[in-house]
1. May I ask you to list the residues in segment B:157-211 that are of a type in the set (Ser, Thr, Tyr) and without any contact (Cβ under 8 Å) to a residue 60 or more places away in the chain?
2. When residues of segment B:131-145 are filtered for being within 14 Å of chain A (Cβ to nearest Cβ) and in contact with a helix residue (DSSP H, G or I) (Cβ under 6 Å, 6 or more places away or on another chain), how many remain?
3. Do you know which residues across segment A:152-164 are over 27 Å from residue A:96 (Cβ atoms) and either within 13 Å of the chain's Cα centre (by Cα) or basic (Lys, Arg) (or both)?
4. Restricting attention to segment B:67-98, which residues are in contact (Cβ under 8 Å) with a residue 12 or more places away in the chain and over 19 Å from the mean Cα position of the chain (by Cα)?
5. How many of the residues making up segment A:147-173 are of a type in the set (Val, Ile, Thr) and farther than 15 Å from residue A:110 by Cα?
6. Name the single residue, out of those in segment A:190-210 being small (Gly, Ala, Ser) and surrounded by fewer than 17 Cβ atoms within 10 Å (Cβ to Cβ), that is nearest to residue A:26 (Cα to Cα).
7. Let me confirm something: among A:59, A:16, which residue is more than 20 Å from the chain's Cα centre (by Cα) and modelled with pLDDT of 90 or more?
8. Quick one: which strands (runs of 3 or more DSSP E) sit completely within segment A:130-230 and have at least 2 residues that are basic (Lys, Arg)?
Amino acid sequence: MEPLNLKLSHVSKHFGDRKVLDDFSLDIRPGTVTCLFGPSGCGKTTILNLLAGLMVPTGGSINGFQNQRISYIFQEVRILPWKTVLANVLFPLNGLMPQEDALRHAREFIRMVGLEKEECRFPGQLSGGMRQRISIARAFAYPSSAILMDEAFQNLDRKLKFNILESFKNIWTKDRRTVVFVTHDEEEAISLGGEVIFLGHQPLEILKRVPVGEVPEGKWKNLVAEIYGQ
Amino acid sequence: MKDFFTRNRTISIAVIGLLLVIWELVSRITGARQILPGPADSITALIHLFGEPGFLSSLTSTIIRGLLGFILAFGCALVIGILSGLNPVVEAAFRPIIVLFRSVPVISIILLALIWFKVEQVPVFIGFLTMFPLLSTNLTQGIRQTDPKLVEMARIYHVKEWRILREVYIPSILPYLFSGISSALGFGWRAVIIGEVLSQPRYGIGSMMQEAQSFLLVAEVIAWTLIAVIIGYFFEGINRMFESKIVRWNR
């Protein structure tokens, strides 16, 4: 599947009097990993929702995702409580591929997030972190051109989070999907490589775009402090 | 927790026992056992009923009428309730009808139904009109309460609309559906029996109650009432059994 080109041109998004975005432009090359990094409430989720087509901009234009498949890991867990772990991961796959392939594919990603022993359980029987891992497995398993992740790993313990990110990096080197993810965690921001876009307060502005590879290890904290002045 | 339920059950049984004692006492004190028979007389009348000709026919006729009314109400509610929940225009079109069904006194409907329908059909019609608005309103409510974020998620993943209906909306309305069935049956049995009392079909619990009442056989009226209560409990039990089997994820 062709990777997806994402582009926001002079986009504004107002909620009543509140201008979250005002003449904001962003271009993300297809097949790259981009982290939107910024303080809570600055409007990172709004960018993802605009890219996903879940929000209509007040002004400007958005290009790139029309009629293409995207995966989205929402900040809050959006899984079907009446379906088991396996059925939740299969939910978007059914009809896309033969049942046997869908099962094998779903199980591969359930194993990746460490839920293989829980595949027959309902979400209500699992912890919050486990439920979030179902969303992660579903998004990764879905054959999409792009993956959007909104603070997808915040409920996971550190070791598990980096294991999943490491596995995802391996998959990504093969399928090269466009990845846009939102976080306020410095360590997470650089974990997948690619580029980090530092965002400032509302109306949202790009403070700096930094390729992860250009900053020496151990210098990220200094860079973040320099950009945000603390 | 187990102790809590055991204690509550003991309290319920004690209250029922106390009511039975009061009933027996009042019956003895007044001395008018024909007007107010005691619990023992009523149970004896109940046992006698089992052997009477026409008992089984009356019992099955009432159950069949109730179930027919329920099936008709359920079928209509499924279509109208779900469409009303999904589309405000459909809801606006059907709201006045639902409100009308709920507001018109049952007795008015029965009097009109007696003119319009055959005696056998009147209780079914009354049952239908009582159960339909309860089921329909619950289904509409269930669709409205479906988490829009789950629907949004399904659309993001390009899941087809008919699958969203089947796999997102329908499961999310199930708890509302079972609660609607519970109240519909609760009111429905009573309505069917009232319909039978007034329309007097050949067989039916209501017809038997009316007959017993006209001969001042109070113990028999109470015995038929107990049978009606048992039918209600039985179908409520079936509803709960289905609910616990189908809505497994809530446990």
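1. Residues satisfying the conditions are B:157, B:172, B:176, B:179, B:182, B:183.
2. Count: 1.
3. Hits for segment A:152-164 are A:154, A:158, A:159, A:161.
4. Within segment B:67-98, the first condition is being in contact (Cβ under 8 Å) with a residue 12 or more places away in the chain, and the residues that meet it are B:68-70, B:72-74, B:76-78, B:80-82, B:84-86, B:91, B:94, B:98.
Once the filter is applied, which keeps residues that are in contact (Cβ under 8 Å) with a residue 12 or more places away in the chain and over 19 Å from the mean Cα position of the chain (by Cα), segment B:67-98 yields B:80, B:82, B:84, B:85, B:86, B:91, B:94.
5. Count: 2.
6. Within segment A:190-210, the match that is nearest to residue A:26 (Cα to Cα) is A:200.
7. Values: A:16 fails: modelled with pLDDT of 90 or more.
Exactly one residue qualifies, and that residue is A:59.
8. Those strands (runs of 3 or more DSSP E) span A:206-211.
The values are calculated or read from the model by the stated rules, or taken from the named source; none is laboratory data. None of the values given here were measured: they were computed from a predicted structure. Virtual Cβ from ideal backbone geometry, glycine too; neighbours counted across all protein chains shown.
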